[in-house]
1. With the requirement that a residue be farther than 18 Å from ARG124 by Cα and charged (D, E, K, R), what does segment 25-53 give you?
2. Does segment 38-48 include one or more residues that are closer than 17 Å to ILE106 by Cα and free of Cβ contacts under 8 Å to residues at least 24 places away in the same chain?
3. Please state which of the following conditions THR37 fails to meet, knowing it meets all the rest: (1) at pLDDT below 95; (2) over 23 Å from THR20 (Cα atoms).
4. Of the residues VAL32, VAL102, which single one is open to solvent by 70 Å² or more (accessible area, probe 1.4 Å), in contact (Cβ under 8 Å) with a residue 40 or more places away in the chain and of a type in the set (A, V, I, L, M)?
5. Which count do you get for residues in segment 24-50 that are assigned to a loop (DSSP other than H, G, I, E, B) and β-branched (Val, Ile, Thr)?
6. Suppose we keep only residues that are open to solvent by less than 40 Å² (accessible area, probe 1.4 Å) and among the hydroxyl-bearing types (Ser, Thr, Tyr) within segment 44-98. Which one would you say is farthest from the chain's Cα centre (by Cα)?
7. Identify, by number, the condition in (1) open to solvent by 100 Å² or more (accessible area, probe 1.4 Å); (2) part of a loop (DSSP other than H, G, I, E, B); (3) modelled with pLDDT under 95 that THR20 doesn't meet.
Amino acid sequence: MRLAVLPSLLALGLLTSCETPTAASDPYGTWVGKLVTDEGQCPTDELSAFRVRGNSIVFNPGLNSSVLRGSYKEGDQHYHAELVDKGMNNTPYRQVFDGYPVGQGIGGTLQTPRCRAHITLVRR
């Protein structure tokens, strides 16, 4: 008899499921992974970190001094962060991270003038 009550309690929100939230339903927090080079020279030796906090996102490739920033709106299914520095001869050096939820993780790509890489990030 008691087991028959469980679905009713779940439906009323009085009892919650033990499922881990997906990246699509709850991207907030810190995510980590290693870049995999597709082309060029990418920072693949160290972990990279991606954070969603409030209305902002931050991607730090290879935990180096580059910090790519973007904005986040609740419910978005695409994450975009970038950093534009001065390159040689004062030309812009643009770094772009594009990510998206993939099941329990976040997939994405990093592009710079010297590098193209992909990454799978997991919640830390």
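1. Going through segment 25-53, the residues farther than 18 Å from ARG124 by Cα turn out to be 36-45.
Passing the criteria: ASP38, GLU39, ASP45.
2. Among the residues of segment 38-48, at least one is closer than 17 Å to ILE106 by Cα and free of Cβ contacts under 8 Å to residues at least 24 places away in the same chain, which makes the answer yes.
3. It fails just one condition, (1).
4. Values: VAL32 fails: open to solvent by 70 Å² or more (accessible area, probe 1.4 Å).
It is VAL102.
5. Taking segment 24-50 as the starting set, the residues that turn out to be assigned to a loop (DSSP other than H, G, I, E, B) are 24-28, 34-35, 41-47.
Filter once more, keeping what is β-branched (Val, Ile, Thr): 44.
The total comes to 1.
6. The qualifying residue farthest from the chain's Cα centre (by Cα) is SER66.
7. Single failed check for THR20: (1).
The values are calculated or read from the model by the stated rules, or taken from the named source; none is laboratory data. Small disclaimer: the values here were computed from a predicted structure and weren't measured. Cβ: placed from backbone, ideal geometry, glycine included. Neighbour counts: every protein chain shown. Side chains included, ligands, DNA and RNA excluded: accessible areas come from the protein's heavy atoms. Shrake-Rupley method; radii C 1.70, N 1.55, O 1.52, S 1.80 Å.
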